[in-house]
Amino acid sequence: MIEVHNLTKRFGETTAVDDVSFTVLPGVVTGFLGPNGAGKTTTLRAIAGLHRPTAGTTLVNGKPLDQHEAPLRELGTLLDAGNLQPGRSARAHLAAIAATHGLPRTRVDEVMELAGIQEVGQRRAGTFSLGMRQRLGIAAALLGDPRTLILDEPINGLDPDGVIWVRKLLKHLAAEGRTVFLSSHLMSEMALTADHLVVIGRGRLIADAPLSDILTATSESRVAVRTPDTAALTAALVARGVTVTATAADSIEIVGMEAPEIADLAARLGARVYELTTHATSLEDAYLSLTESSVQYRAAAFTSA
């Protein structure tokens, strides 16, 4: 389990994390989301003992990580896949970590096989692609067979087979009763992997709830309608206080009225409807809604020519 209590971290005059508290429970995959500059990496590094909090505490399985006799057996981390000695082979990299933590060399073979890198174990790690470095980093995180895992953007650079492998691995580890804390900007993958979400923005906690609850709380019914009678239907909908957006010459998107009501209204107007589709709220929609006021870096908006 990971416990973050009133965590604050300042770098000079900049407050990266501001009085954040949450708990990551075992048995589920917890996703960690937030815009660039939100404080996610700082929070993860504080949990891993790499940043000393300005205020507050972080606990891993009931203690600060540096108070555990065998930290690698408590917490496995992947915070930077490039953090390795490039001249060492993959096997030597893992063997060095194992030796400094009193782990048997047989464990090196086990995690290399699990990560699918046993065939390239003698290659220098510096020659690895990003995806292969990610696999090596995950192998290192699993080396101590830890009860708790923190993985920051673990699927960057992985091919589809690797992405599916990571997804299944994390679900399997959570099913074993381990604590799994996953940070990623890929909303589609997070929606398939995470059971619970912690969302921060500008260093403050925005949400801490099951994925299903967040989707429900931010859901907004959107109905796409294709009709040659857009003008008449739009006028009738706007008169009822419904938001209507034209998406094509014969298509509109409607927010604020359910599909059956729209169909009934169109029938009363004599408007022809060729297609009517309800769109469920995606995690990306929910995330953008939650973090709209917390985005620190915004690019210029595009306008149609």
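The values are calculated or read from the model by the stated rules, or taken from the named source; none is laboratory data. Here the structure is a predicted model, which is why all the values come from computation and not from measurement. Here the Cβ is made from the backbone with ideal geometry for all residues, glycine too, and neighbour counts use every protein chain on show.
Here are a few things to note about the model shown:
- Looking across the range 65-80, just one residue is under 17 Å from the mean Cα position of the chain (by Cα) and polar (S, T, N, Q), and that is T77.
- Qualifying helices (runs of 4 or more DSSP H) (wholly inside the range 151-258; at least 3 residues being basic (K, R) and assigned by TED's automatic domain parsing to the domain that holds N83): 160-175
- Near pairs, Cβ below 6 angstrom, 6+ apart or cross-chain, from the range 220-238 (among the charged types (D, E, K, R)) to any residue that is in a loop (DSSP other than H, G, I, E, B) and surrounded by fewer than 19 Cβ atoms within 10 Å (Cβ to Cβ): R226/D250; R226/Y274; D229/R272
- Residues (among the small types (G, A, S) and either modelled with pLDDT of 95 or more or out of contact with any helix residue (DSSP H, G or I) (no Cβ under 9 Å at 6 or more places or on another chain) (or both)) located in the range 67-91: A70, G76
- Any hit, the range 40-60, residues being in the same structural domain as R204 (by TED's automatic domain parsing), farther than 18 Å from L7 by Cα and not polar (S, T, N, Q): no
- Residues of the range 129-150 satisfying the condition of being assigned to a loop (DSSP other than H, G, I, E, B), surrounded by fewer than 21 Cβ atoms within 10 Å (Cβ to Cβ) and of a type in the set (G, A, S): S129
- Checking each residue of the range 124-138 against the condition of being within 30 Å of T8 (Cα to Cα) and in contact with a helix residue (DSSP H, G or I) (Cβ under 8 Å, 6 or more places away or on another chain) gives at least one match.
- Residue in the range 49-107 that is surrounded by the most Cβ atoms within 10 Å (Cβ to Cβ), counting only those that are out of contact with any Gly (no Cβ under 6 Å at 6 or more places or on another chain) and acidic (D, E): E74
- Test: residue in the range 100-110 that is touching a residue at least 60 places away in the same chain (Cβ under 8 Å) and either in contact with a Ser or Thr (Cβ under 9 Å, 6 or more places away or on another chain) or not in a helix (DSSP H, G or I) (or both): no
Quick grid of which residues meet (1) within 16 Å of I117 (Cα to Cα); (2) among the aliphatic types (A, V, I, L, M):
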| site | (1), (2) |
| --- | --- |
| V166 | yes, yes |
| L170 | no, yes |
| R178 | no, no |
| L211 | no, yes |
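- Residues of the range 183-200 satisfying the condition of being under 23 Å from N6 (Cβ atoms) and either in contact with a Leu (Cβ under 6 Å, 6 or more places away or on another chain) or among the hydroxyl-bearing types (S, T, Y) (or both): S183, L197, V199
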